[in-house]
Amino acid sequence: MSLEEVMIHGTLKSDGTLELDQKPNLAPGRVTVVVRQEQKPSQPLKENWFQYLQRIRAKREAVHYPFIDEAATNAHIEWLRETDRIDDLLRGAQQQGEPGRT
């Protein structure tokens, strides 16, 4: 007689019964069941996305996480608006009227 082992996930109910996720592909007869809790049941979601962001922000502020301030944000935006060599080359190509350029 050969022994066959099948692993199937399921749920242990409060009354002690098991609800299997699928039917085991075994012949009828006696079996040995090993029950192992995989993880703690997840808590229902009690916060919306904005509350989540506020909670994360508060945690980061508590550990002095470095946030960008308004002055640094404005300086970065100005840096992005500055022209560079590529902008100058594109502008020159447009003035010369290269085909395919707008």
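Taken together, the values in this text are just the output of simple stated rules run on the coordinates, not laboratory data. These figures come from a predicted structure and were not determined experimentally. Note that each Cβ is placed from the backbone with ideal geometry, even for glycine, and that neighbours are counted across all protein chains shown.
Taking region 32-58, which residues are loosely packed, with under 10 Cβ neighbours inside 10 Å, of a type in the set (A, V, I, L, M, F, W, C) and farther than 12 Å from residue 8 by Cα?
Of everything in region 32-58, those that are loosely packed, with under 10 Cβ neighbours inside 10 Å, of a type in the set (A, V, I, L, M, F, W, C) and farther than 12 Å from residue 8 by Cα turn out to be 45, 49, 50, 58.
Out of region 1-30, which residues are free of Cβ contacts under 8 Å to residues at least 12 places away in the same chain and surrounded by 10 or more Cβ atoms within 10 Å (Cβ to Cβ)?
10, 11
Of everything in region 69-87, what is hydroxyl-bearing (Ser, Thr, Tyr) and assigned to a helix (DSSP H, G or I)? Give them in sequence order.
Hit for region 69-87 is 73, nothing else.
Do the conditions hold for residue 92, that is, is it exposed (fewer than 10 other Cβ atoms within 10 Å of the Cβ), without any contact (Cβ under 8 Å) to a residue 24 or more places away in the chain and out of contact with any strand residue (DSSP E or B) (no Cβ under 7 Å at 6 or more places or on another chain)?
It is false that residue 92 is exposed (fewer than 10 other Cβ atoms within 10 Å of the Cβ), without any contact (Cβ under 8 Å) to a residue 24 or more places away in the chain and out of contact with any strand residue (DSSP E or B) (no Cβ under 7 Å at 6 or more places or on another chain).
So residue 47 passes all but one of these: (1) over 18 Å from the mean Cα position of the chain (by Cα); (2) farther than 30 Å from residue 3 by Cβ; (3) part of a loop (DSSP other than H, G, I, E, B). Which condition number does it fail?
(1)
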